[in-house]
1. Of all residues in the stretch 70-111, which are touching a helix residue (DSSP H, G or I) at 6+ places or on another chain (Cβ under 6 Å), modelled with pLDDT of 95 or more, closer than 20 Å to residue 184 by Cα and open to solvent by 10 Å² or more (accessible area, probe 1.4 Å)?
2. Keeping to the stretch 59-113, report how many residues are under 22 Å from residue 16 (Cα atoms) and among the basic types (Lys, Arg).
3. For the stretch 22-35, name all the residues that are in a helix (DSSP H, G or I) and over 30 Å from residue 133 (Cα atoms).
4. Pairs only if they're at least six apart or on different chains, beta carbon under 8 angstrom, first in the stretch 117-143 and over 22 Å from residue 76 (Cβ atoms) and modelled with pLDDT of 90 or more, second among the hydrophobic types (A, V, I, L, M, F, W, C) and open to solvent by less than 50 Å² (accessible area, probe 1.4 Å); list them, first residue then second.
5. Touching a residue at least 40 places away in the same chain (Cβ under 8 Å) and assigned to a helix (DSSP H, G or I): does that describe residue 82?
6. Can you spot a residue in the stretch 46-57 that is out of contact with any helix residue (DSSP H, G or I) (no Cβ under 9 Å at 6 or more places or on another chain), open to solvent by 20 Å² or more (accessible area, probe 1.4 Å) and more than 23 Å from residue 163 (Cα to Cα)?
7. Filtering the stretch 148-187 down to residues that are among the aromatic types (Phe, Trp, Tyr) and more than 30 Å from residue 2 (Cα to Cα), which residue is surrounded by the most Cβ atoms within 10 Å (Cβ to Cβ)?
8. Residue under question is residue 124, and the condition is that it be over 23 Å from residue 171 (Cβ atoms) and not in a helix (DSSP H, G or I); does it hold?
Amino acid sequence: MESWKKITYVVAIFMFLIQIRPLEPYLTAYFTGPNGNVSLSEVANSLESIRSYSALIATLIMLIISDYLLYKPVVIFLTFCSCITYILMVGLPSLIQLKVSMFFYGTAYCTTTVASCYLFACIKDRKHFQKSASIAAVGLQLGKFFGDISGQIIVSSSGGSYTSLPYCNAFAMFLATIWAFLFPPIKPKDSLNTNFPDEKTTLLGNSETITSDTHEIKYCR
């Protein structure tokens, strides 16, 4: 199998795992239910604000430092933040726990974006970009579909209880974190080893010949 296909499938599986979040469609209901015991206004004014602002700030920071850290450590860190998010939600979390979880939730907002950047950084030939992006997008959408369907099945079979959903999310994020460690590392480019033209290359020799002939013609006039 070609190297670009291997990297694409590794990233596609990661996209699938990172989107398995059965709690996602029921997040507000979980916060306002007996587990979270938070009012709807508190969710809208406090928790959502923390998530939005942390997502904005973290996205700017992560996209700036991703090139320097060569993407893989950033993907691992962001996926681990997602894991912490749902660990803090299990059981009967306090309001402080939920606020901290929303901070990590927003921090991990750009995980799939950084993973996509990693994919394009690993693939050298641009003609494979479109096919690789399509495969990764299919993995992402399949993960979201599987997460939503499994969440609906769990809630229906448990009589409308959302208690087990954070455990499912945390387990999926744990698997995604482990899978992120399997990403092939990106080799840093050595800026000193720039491919300058050799003095003895045919192209340079032809250029010198053309230049000398031009001077001869000029002086003959």
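The values are calculated or read from the model by the stated rules, or taken from the named source; none is laboratory data. Fair warning: this is a prediction, and the values are worked out from it, not measured in the lab. Don't worry about glycine lacking a Cβ; one is built from the backbone with ideal geometry, like all the others, and counts go over all protein chains shown. To get the accessible areas, we keep the full protein, side chains included, count just its heavy atoms, and leave off ligands, DNA and RNA. Shrake-Rupley method; radii C 1.70, N 1.55, O 1.52, S 1.80 Å.
1. Result: 76, 80.
2. So the count comes out to 1.
3. Keep residues of the stretch 22-35 that are in a helix (DSSP H, G or I), which gives 24-32.
Scanning the stretch 22-35 gives 28, 29, 30, 31, 32.
4. From the stretch 117-143, the pairs are 138/12.
5. yes
6. Taking the stretch 46-57 as the starting set, the residues that turn out to be out of contact with any helix residue (DSSP H, G or I) (no Cβ under 9 Å at 6 or more places or on another chain) are none.
Scanning the stretch 46-57, I find no residue that is out of contact with any helix residue (DSSP H, G or I) (no Cβ under 9 Å at 6 or more places or on another chain), open to solvent by 20 Å² or more (accessible area, probe 1.4 Å) and more than 23 Å from residue 163 (Cα to Cα), so the answer is no.
7. First, pick out the residues of the stretch 148-187 that are among the aromatic types (Phe, Trp, Tyr): 162, 167, 171, 174, 179, 181, 183.
Right, trim to more than 30 Å from residue 2 (Cα to Cα) and you get 162, 167, 171.
Details: 162: 22, 167: 17, 171: 13.
Within the stretch 148-187, the match that is surrounded by the most Cβ atoms within 10 Å (Cβ to Cβ) is 162.
8. Details: over 23 Å from residue 171 (Cβ atoms): yes; not in a helix (DSSP H, G or I): yes.
Taking the combined requirement at face value, the residue satisfies it.
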